[in-house]
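Encoded as structure tokens, the structure appears first; notes follow it.
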Amino acid sequence: MNKGEKEHIVCRFAPSPTGPLHVGGVRSALFNYLYARQNGGKLILRIEDTDIERSKKEYEDDIKESFAWLGLEFDETHKQSERLAIHKKYLAGLIDKGLAYVSREEGTEAGKRKEVIRFKNPNRTVAFDDLVKGHIEFDTTELGDFVIAKSTDEPLFHLAVVVDDFEMGITHVIRGEDHISNTPRQILIQDAIGAPRPIYAHIPLILAPDRSKLSKRKHGESVSLKYYRAQGYLPEALINYLALLGWNPGDDRELFSTEELIKEFSMERIQKGGAVFDIEKLNWMNKEYVTKLPKEVLSTYMLRAIDSVEQLSRLTDWKKERLIPVLADRIHYFGQVGELTHLGEFDYLTETPVYAKEALLWKKELDLTKTKTNIIALIALIEKLPKDATAEVAKAAIFPYAEEQGKGNVLWPLRMALSGKEKSIDPFSIVSVIGIPESVSRLNYALHLIE
Ligand code: GLU
């Protein structure tokens, strides 16, 4: 393709607002976005809302909000339903030319006859070279004279898509491979209205780990973008992750900013076969992005997550601040703050722990004598810390003593006294979050249990 042609690239994403925006739709939109931006082309959002019964305003809003949140911008937005007059004009033209005809047929309701408009199928072989799937040939005879409008006033999907792609000057149709079967019909209509053929790229479906198609019916809410938004994933991580679902850079790099994706994306590297949605990988990738967030941004996200969990929202601002780095270490996405809290992981941050005194005994210890000495020493060390001691400061004060006396014998009872749990965030971080007086009081309680 020479440069002149590239300048005229026009791509479109054409979702039907009949349900929450599917991650597969986002991925189609993203590939269109990357291709258009890479080539200085135009990107159009076309809301295909001609199915009045199934199309809903809330889903249209969901589509727009989702892309605004992702930071993917379109150059133009159209609503297909507002273009009815144009579709009707083409429909009338086809009928005039004898390329489509009004057909009166038995309706489904008893006795009622209804009218539909059928396309006069020239019954020929249609062939196209798909950028992803390669050469595809299709004998259209089996499609018969297919319906293109419910009446002269109600053009249907295929006609609307073809007319709009033509009128909008779409050069590249990049969409899910579930539309391959629609392509022969659409090509026949294109030829009938005298529209040039766009270049097709049908991208592989997104599959569940069991390789079944990722569908709302089977996989529930987790197929829609808003689920990930609500779970506190980062938009830039989702974009990066979805870009790699069916495309790869040709080497083992995995982390790409949107700018880098625009540079690197290539149709040649879109795979033919289905791409499995791997939540573990998304989680890993999201954590990579969480780790790289500037401090203030991390803090905004984290405080929002903390405040959305009733139990943690009760903490003082100072404790919340202290919790930020601790939680950032533990989570992959911000919704996990709530999940872990509800599992009881952070109970000791808001309540004093309850445990049996034997739980203070490190592994092979037989009696609590050593433990008691260590707790007394720990109290002395912690009491001396500044009120706002960070985890690092607490560690610097306690660790040398622990190394001297045996880490297990010091840190185990410290952890138990502070958290009541065998597993928790590290005890120094707990000290930094609950504060010095509370830490000392919990250690005193441990001492009291032993005595
Ligand atoms: N509106 C169609 C859909 O959401 C897509 C049409 C197209 O991309 O050609 O399935």
| field | Matching residues in the range 365-385 - criterion: being without any contact (Cβ under 8 Å) to a residue 12 or more places away in the chain and either within 19 Å of Phe428 (Cβ to Cβ) or in contact with a strand residue (DSSP E or B) (Cβ under 8 Å, 6 or more places away or on another chain) (or both) | value | Ala380
| task | State yes or no: is Ile148 closer than 24 Å to Asn39 by Cβ and not charged (D, E, K, R)? | result | no
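Is it fair to say Thr300 is more than 22 Å from Ile398 (Cα to Cα), touching a helix residue (DSSP H, G or I) at 6+ places or on another chain (Cβ under 6 Å), surrounded by fewer than 16 Cβ atoms within 10 Å (Cβ to Cβ) and among the hydroxyl-bearing types (Ser, Thr, Tyr)? Step through it out loud before you land on a result.
Values: more than 22 Å from Ile398 (Cα to Cα): yes; touching a helix residue (DSSP H, G or I) at 6+ places or on another chain (Cβ under 6 Å): no; surrounded by fewer than 16 Cβ atoms within 10 Å (Cβ to Cβ): yes; among the hydroxyl-bearing types (Ser, Thr, Tyr): yes.
For Thr300, the condition - more than 22 Å from Ile398 (Cα to Cα), touching a helix residue (DSSP H, G or I) at 6+ places or on another chain (Cβ under 6 Å), surrounded by fewer than 16 Cβ atoms within 10 Å (Cβ to Cβ) and among the hydroxyl-bearing types (Ser, Thr, Tyr) - is not met.
Just one of Val132, Val126 is touching a strand residue (DSSP E or B) at 6+ places or on another chain (Cβ under 7 Å), more than 26 Å from Val26 (Cβ to Cβ) and touching a residue at least 60 places away in the same chain (Cβ under 8 Å); which is it? Step through it out loud before you land on a result.
Working: Val132 fails: more than 26 Å from Val26 (Cβ to Cβ).
Only one candidate qualifies: Val126.
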| Among (1) more than 21 Å from Arg83 (Cβ to Cβ); (2) in contact (Cβ under 8 Å) with a residue 24 or more places away in the chain - the single one Arg113 does not satisfy | (2)
| query | How many of the residues making up the range 106-161 are more than 36 Å from the chain's Cα centre (by Cα), surrounded by fewer than 12 Cβ atoms within 10 Å (Cβ to Cβ) and either on the phi > 0 side of the Ramachandran plot or not charged (D, E, K, R) (or both)? | reply | 6
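Let me confirm something: among Leu312, Leu255, which residue is modelled with pLDDT of 95 or more and over 20 Å from the mean Cα position of the chain (by Cα)? Give the steps one after another, and end with the answer.
Details: Leu255 fails: over 20 Å from the mean Cα position of the chain (by Cα).
Every option except Leu312 fails the conditions.
Hey, any hits in the range 75-93 for a residue that's buried (at least 21 other Cβ atoms within 10 Å of the Cβ) and under 24 Å from the mean Cα position of the chain (by Cα)?
Taking the range 75-93 as the starting set, the residues that turn out to be buried (at least 21 other Cβ atoms within 10 Å of the Cβ) are 80, 87, 90-91.
Cutting the leftovers down to under 24 Å from the mean Cα position of the chain (by Cα) gives us none.
Checked against the condition, which is being buried (at least 21 other Cβ atoms within 10 Å of the Cβ) and under 24 Å from the mean Cα position of the chain (by Cα), the range 75-93 yields no hits at all.
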| field | Failed condition for Ile52, given (1) within 23 Å of the chain's Cα centre (by Cα); (2) among the hydrophobic types (A, V, I, L, M, F, W, C); (3) in a loop (DSSP other than H, G, I, E, B) | value | (1)
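Tally up the residues in the range 271-285 that are closer than 17 Å to Ile203 by Cβ and buried (at least 18 other Cβ atoms within 10 Å of the Cβ), please. Outline the logic, then answer.
Taking the range 271-285 and keeping what is closer than 17 Å to Ile203 by Cβ, we get 271-277.
Filter once more, so that each one left must be buried (at least 18 other Cβ atoms within 10 Å of the Cβ): 274-275, 277.
Going through the range 271-285 one residue at a time, the tally reaches 3.
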| query | Gly169 is checked against (1) touching a residue at least 60 places away in the same chain (Cβ under 8 Å); (2) small (Gly, Ala, Ser); (3) at positive phi; (4) touching a helix residue (DSSP H, G or I) at 6+ places or on another chain (Cβ under 9 Å) and fails just one. What number does that condition carry? | reply | (4)
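Looking at the range 40-67 only, could you name the residues that are of a type outside the set (D, E, K, R), touching a Ser or Thr at 6+ places or on another chain (Cβ under 8 Å), within 15 Å of the ligand (Cβ to nearest atom) and in contact (Cβ under 8 Å) with a residue 60 or more places away in the chain?
If the condition is that a residue be of a type outside the set (D, E, K, R), touching a Ser or Thr at 6+ places or on another chain (Cβ under 8 Å), within 15 Å of the ligand (Cβ to nearest atom) and in contact (Cβ under 8 Å) with a residue 60 or more places away in the chain, then Ile44, Thr50 are the ones that fit.
The values are calculated or read from the model by the stated rules, or taken from the named source; none is laboratory data. Every value quoted in this text rests on a predicted model; they were computed, and no experiment measured them. Please note: Cβ atoms are built from the backbone with ideal geometry, for glycine as well, and neighbour counts cover all protein chains shown.
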